[in-house]
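Student: One structure follows; several queries about it will come next.
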Amino acid sequence: MGEITTTGYAKKNIKCDLVNFTFTFIADRQTVHEAVKAANDATERFLAIMEERGVSAEKFVIQDNSANQNYYDGDKPKYRAKHEISLLAEMSGKTCAAVYGLINAQKLNVLVEEEYSCSDIEEQHKQLLKSAIDNARTKADMAAEAAGSRVVGIKSIDLDPSDNAALYMNEECVRCIAPSEPSRMEALGSPETEEEEHVKVVWLIE
């Protein structure tokens, strides 16, 4: 019984169905108290407005809270307070349009970052792995046939290590945020991520 080694490859574009918004409120003031109060007020106002849009404060997660001396203005210290909170939501043009429309309509002074992900990324990679192994098997069958043999089994499989764990497993996401006003952004599609799997398989032939 002999052996044949082949590699397999599969890739797929997967549409992201989750977006994690990070909202950062920063206030620079002459005293720590003033800075903290300004950051608190801005955060409270934002949460109140979001509640009016159907998203309760319980849906948000604290990411960072800080208050420290930031720099000197001449010989006087300046202080900065920062509140950073996040919200996991269903990814869609409507969701993004609602968030940025709200910020624009209410003239909110807040920094926003977005991180996209796929809720079923692990299952998607299982399917990609199967496709990669099938790809390797096709190559092995062709090579074995050319040598007058046939594939009868697998001796070993080497996987290309990668981190395919879902970023947000079993976490409830916000499905809808009431818009402030109609927007063309609502028609925008969701971003995609290109995922792939590589394998090396040693086949047994006879």
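The values are calculated or read from the model by the stated rules, or taken from the named source; none is laboratory data. These numbers were taken from a predicted model, which means no experiment stands behind them. Note that we place each Cβ from the backbone using ideal geometry, even for glycine, and neighbour counts take in every protein chain shown.
Student: Taking only the range 93-113 into account, find how many residues are of a type in the set (Ser, Thr, Tyr) and buried (at least 19 other Cβ atoms within 10 Å of the Cβ).
Tutor: Going through the range 93-113 one residue at a time, the tally reaches 1.
Student: Only residues that are free of Cβ contacts under 8 Å to residues at least 60 places away in the same chain, within 24 Å of Ser190 (Cβ to Cβ) and polar (S, T, N, Q): list them for the range 16-71, please.
Tutor: Gln63
Student: Here's another thing I want to ask about it. Looking at the range 95-153 only, could you name the residues that are charged (D, E, K, R) and under 30 Å from Trp203 (Cα atoms)?
Tutor: Glu122, Glu123, Lys126, Lys130, Asp134, Arg137, Lys139, Asp141, Glu145, Arg150
Student: Quick one: how many residues across the range 25-46 are crowded, with 18+ Cβ neighbours inside 10 Å, of a type in the set (Val, Ile, Thr) and either out of contact with any strand residue (DSSP E or B) (no Cβ under 8 Å at 6 or more places or on another chain) or farther than 19 Å from Leu102 by Cβ (or both)?
Tutor: 1
Student: Could you please give the count of residues in the range 106-131 that are outside the structural domain of Ala42 (by TED's automatic domain parsing) and over 17 Å from Thr193 (Cβ atoms)?
Tutor: The qualifying residues number 1.
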